[in-house]
Structure formats: structure tokens, C-alpha cells
Amino acid sequence: MCGDCPEEIVSARKGSPLILGVGDGELMLASDVAAIISRTQNVVYLKDGEILHMTAKNFSITTLDAEDVSPVVDRITWNIEDSELSGYAHFMEKEIFEQPAALENTMRGRFSEDGSTAQFGGLNISAVDLRQIDRFHFLACGSAWHACLVAEHLIERFARVPVEVDYASEFRYRNMPLGNNTLFFTVSQSGETSDTLAAMREARRKGYKVLAINNVVGSSIAREADGGIYQHVGPEIGVASTKAFTSQLLVGAMLALYLGRMRDMNFSDGVEYVQALKAVPDLVRKTLELAPRIKEIAQRYAHFHDFLFLGRLSLFPVALEGALKLKEISYIHAEGYPAAEMKHGPIALISEHCPSVFFVPSGEMFNKVVSSMQEIKARKGKIIAVATENCDLPAGLADEIIRIPECHEAVLPIVATVPVQLLSYYIADELKRDVDKPRNLAKSVTVE
Ligand code: M6R
């Protein structure tokens with residue numbers, strides 16, 4: 001603002017996001033639609049190098065060379081109710097409980113008519129070209145990076161194509177051979193994370209196609225990508241990612257199916273996989289019924305200062321996510337590790353003062369995880385086990401058992417995430433933390 005023109009606000013976009021909200025007799029500036037959705041659904045996304053002039057009644061946009069730009073007013077499809085608490089104490093709690101519906105929205109219209117594979121409308125790459133890709137490279141930050149690790153596991157397992165996962169912030173500064181037939185994916189709820197955007201631009205500068213998996217329609221990453229998949233989970237307002245994270249896991253699982261069916265996965269395995277995906281909302285609904293029991297555990301464990309989260313294969317990234325959720329909203333120190341790796345260092349932390357959260361699946365990894373649990377127990381460590389229903393755990397091994405439904409391995413990470421979201425939420429609430437706005441954190445990290 002300038003003293004000579006007190007009725008005017010001038011703003012410009014360079015790097016970080018900037019949007020104009022066009023309300024009923026009012027105009028608003030924000031970096032994220034979630035900030036203004038309670039007042040208007042009409043927005044103008046500014047491009048880098050554009051200048052916006054606003055008065056109380058009007059606005060105009062020019063380029064740096066003072067050429068007029070015709071503004072395009074987009075309509076956000078999110079509802080006003082999405083930005084309200086609707087009886088919940090916090091947005092994080094609301095967003096955890098919204099997950100069954102959110103996951104349904106992510107899947108809607110995305111299965112083939114014969115029910116044997118997934119389909120995506122916006123990839124902008126033909127099946128023939130996709131079939132030629134011999135390496136996928138995923139770039140993301142924070143929880144989205146954890147989702148990429150699960151996608152890596154599933155794509156390699158079901159499509160048999162090698163996958164590389166990088167922290168977006170590291171990718172730009174690494175000097176790795178990338179190969180010719182590599183396709184990049186960025187994963188970002190907001191689509192505005194500066195490191196992810198910069199990594200995407202770097203990959204495109206090198207001549208690669210980049211597809212974006214993200215939630216916010218019209219975000220910078222969505223607009224600059226060559227194509228992509230929207231998550232459709234509505235606004236996520238709590239700083240801790242919950243419904244956006246499980247939806248990213250779901251998109252990764254659908255992608256593994258789609259790529260797998262283009263390669264060796266046969267029709268009946270595809271049909272079984274699709275059925276497993278369709279069952280996810282109900283499995284999550286069932287898991288959410290455990291909330292009272294998890295709240296009671298949280299109240300008993302909230303006074304600990306250190307936690308370990310341990311899991312194997314696709315549940316290792318879920319262990320990372322559990323540790324991140326706990327530390328970011330409760331400020332309790334927590335680390336995630338592959339369960340067997342614990343004996344190479346972290347086991348030194350174990351005593352009666354450091355509980356471990358174990359993810360225990362039935363099947364081939366069961367005995368291995370039990371043996372890691374026994375090592376913890378021998379050192380007086382308390383154990384909270386998130387175990388599937390058929391796991392016959394030795395009596396007395398776990399201090400607490402949270403039973404989750406048995407399910408297909410492609411969706412197990414989604415179901416296993418829910419109890420640790422609830423555990424972190426209830427611990428943080430017990431400690432009276434500002435759950436939705438934890439200290440030192442922002443919902444979208446728009447700086448390098
Ligand atoms: O919007 P993005 O998905 O790109 O955000 C990435 C991370 O900043 C985000 O996942 C962060 O780690 C969350 N606070 C985790 O709960």
C-alpha cells in the first residue's frame with residue numbers, strides 16, 4: 001500500500017502462490033484457497049510475474065510490462081461446510097473421521113468397466129507410451145514422501161518396474177543418472193510446496209514429463225505438470241496431513257494396479273485387487289470404531305518423552321508417518337524405523353521410558369516382527385501393537401493391542417495408518433497442544 005493511494009492494494013506473484021478471492025462485495029488475498037473458502041468460492045489464480053491492483057470494489061491484473069491480463073475467475077468445488085468444524089473439536093479430528101468418504105471420492109469413476117483395473121482421466125500419456133517407461137521417479141516432501149515410499153513398494157511388487165523416491169529438496173542438488181525412459185511423479189496435497197515445485201521444474205527442464213498427484217485443483221504444481229491425478233478429498237485444514245495422506249496411499253495403490261495390469265498382472269488378480277480397493281472405505285470405517293480404545297491408550301501414554309514406530313516392507317513408511325504425526329502435533333520425540341533395523345542402533349534407546357509402536361501383519365513377516373518385539377520386551381520396553389485380526393501374538397508380548405481388519409496388502413498401509421493418526425491426535429489433545437496449528441509449522445511450505 002502507498003500513502004498516496006490509500007484506497008488501493010498492489011500485490012505481485014513471484015515464486016510463492018497468490019490467489020484473489022472474489023466475494024460478495026469484498027476481495028481477498030491469500031496463498032491458499034483454504035484460507036478464504038469460508039467467504040467465497042470464486043478465485044483468480046495469479047501467475048508468476050503478474051501484478052494485481054485492488055480497490056474496495058474492483059481489481060485489475062497486469063504483467064510486469066504493464067500489459068493488461070484478462071482475469072479468469074475459477075469456481076472452487078469445495079463446500080463452505082468443508083471449512084467448518086461441524087461439531088468436531090479440531091479439523092484434524094474431523095479430517096480423520098472424514099476418511100471413508102474422502103477415499104470414496106478419490107476412487108469415484110476410476111475403475112474400468114470390466115472391474116479389473118484402474119483408469120485415470122488426466123494422465124495425458126498414452127498407454128503405449130506408459131508401457132515403454134522403465135523407471136518411475138517420485139518427488140515429494142514430508143507425509144507425501146512417505147506415501148511415495150508405499151507407492152514404490154506396490155509398483156515394484158505389482159508392476160515390476162523399478163521406482164526411485166527422492167526428497168524433493170534433495171533432488172535438485174543430486175547428480176544422479178536418470179535414464180531415458182523415466183517418468184516423474186510429484187506428490188503434494190497443496191500443490192504449492194516450494195521444494196516439490198522446484199524439483200518438478202528441474203525434472204521438466206531436463207526434458208522429462210512430470211505427472212502430479214495432488215489435492216488442490218488449480219495449484220501451481222497442478223498447472224505446471226504435464227498431467228496428473230487429483231485426490232478429490234476436499235480441503236485439508238489441519239496442518240497434520242491425514243485424509244490427504246491416506247488418499248495419496250490409495251492413488252499409489254491404484255497406480256500400481258493400473259501399471260501392473262498393463263504388464264504381467266492377470267485379469268482375475270486385477271478383479272481381486274479392485275475389490276480390495278473398493279472395500280477400503282468400510283475397512284477404515286471399522287477401524288475408526290476403535291477411537292475410544294485408542295483414546296484411552298493415548299491418555300496412559302501421553303507422559304512419555306520418546307517413542308519408536310517400527311514396521312516392515314510397506315508398513316515401514318507407515319511407521320515413519322506415525323512418528324511424524326506424533327512429533328509434529330504433540331512435540332514428543334519419535335522415530336520410525338524398519339523393525340529389524342532397530343537392532344543396529346535405536347535399540348539403545350529402549351527402556352521402560354521409551355514405548356514402541358509395532359505394526360504387525362499376519363503372513364510371511366509375522367514371525368520376524370514378533371522376534372523384534374521380543375527383543376524390545378527383553379529390555380523392558382512397553383509395546384503398543386497395531387496388529388491385524390489373525391495375528392496370534394504370544395500372550396503378554398504386547399502391553400496394548402489395537403486390532404485392525406485383515407485386508408489385501410495393497411490397502412493394508414491405509415488401514416494401519418488410521419490407529420496412529422488417532423493415537424497422535426489424542427496424545428496431543430491430552431497434552432493440550434494446538435493440534436491444528438502446531439508450533440513452527442505451516443500447512444503449505446512455500447519457502448525453500
Ligand atoms: O502439501 P504437501 O503435500 O506438498 O506438503 C508436504 C509436507 O509439508 C506435509 O506433508 C507435512 O509433512 C505435513 N505437515 C505432515 O503432516
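The values are calculated or read from the model by the stated rules, or taken from the named source; none is laboratory data. Computed from a predicted model, the values in this text were never measured in an experiment. Note that we place each Cβ from the backbone using ideal geometry, even for glycine, and neighbour counts take in every protein chain shown. Remember, those area values only see protein heavy atoms, side chains included, never the ligands or the DNA or RNA. Shrake-Rupley method; radii C 1.70, N 1.55, O 1.52, S 1.80 Å.
Overview of results
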item: Count of residues meeting criterion [away from the ligand (no atom under 12 Å from the Cβ) and either open to solvent by 30 Å² or more (accessible area, probe 1.4 Å) or in contact with a Gly (Cβ under 9 Å, 6 or more places away or on another chain) (or both)] in the range 316-335; result: 8
item: Count of the range 1-12 residues which are farther than 13 Å from Ala56 by Cα, open to solvent by less than 70 Å² (accessible area, probe 1.4 Å) and more than 38 Å from the chain's Cα centre (by Cα); result: 1
item: Selection status of Val435, within 27 Å of Val251 (Cα to Cα), surrounded by 21 or more Cβ atoms within 10 Å (Cβ to Cβ) and touching a Cys at 6+ places or on another chain (Cβ under 6 Å); result: no
item: Selection count, the range 141-158, where residues are free of Cβ contacts under 8 Å to residues at least 60 places away in the same chain and either open to solvent by less than 10 Å² (accessible area, probe 1.4 Å) or within 16 Å of the ligand (Cβ to nearest atom) (or both); result: 1
item: Checklist (1) at positive phi; (2) within 22 Å of the chain's Cα centre (by Cα) applied to Met92, failing item; result: (1)
item: Those residues of the range 188-211 which are within 13 Å of the ligand (Cβ to nearest atom), open to solvent by less than 10 Å² (accessible area, probe 1.4 Å) and not in a helix (DSSP H, G or I), in sequence order; result: Ser188, Ser190, Gly191
item: Within the range 167-186, considering residues that are open to solvent by less than 10 Å² (accessible area, probe 1.4 Å), in a strand (DSSP E or B) and within 16 Å of the ligand (Cβ to nearest atom), the one farthest from Val445 (Cα to Cα); result: Phe184
item: Evaluation of Tyr208 against (1) touching a residue at least 24 places away in the same chain (Cβ under 8 Å); (2) in contact with a helix residue (DSSP H, G or I) (Cβ under 8 Å, 6 or more places away or on another chain) (one fails), failing number; result: (2)
item: Residues located in the range 218-237, provided they are part of a loop (DSSP other than H, G, I, E, B) and in contact with an Asp or Glu (Cβ under 9 Å, 6 or more places away or on another chain); result: Gly218, Ser219, Val233, Gly234, Pro235, Glu236, Ile237
item: Residue among Ile402, Ile427, Ile414 that alone is more than 12 Å from the ligand (Cβ to nearest atom), of a type outside the set (D, E, K, R) and in a strand (DSSP E or B); result: Ile402
item: From Cys354, Cys391, residue being buried (at least 21 other Cβ atoms within 10 Å of the Cβ) and outside any strand (DSSP E or B); result: Cys354
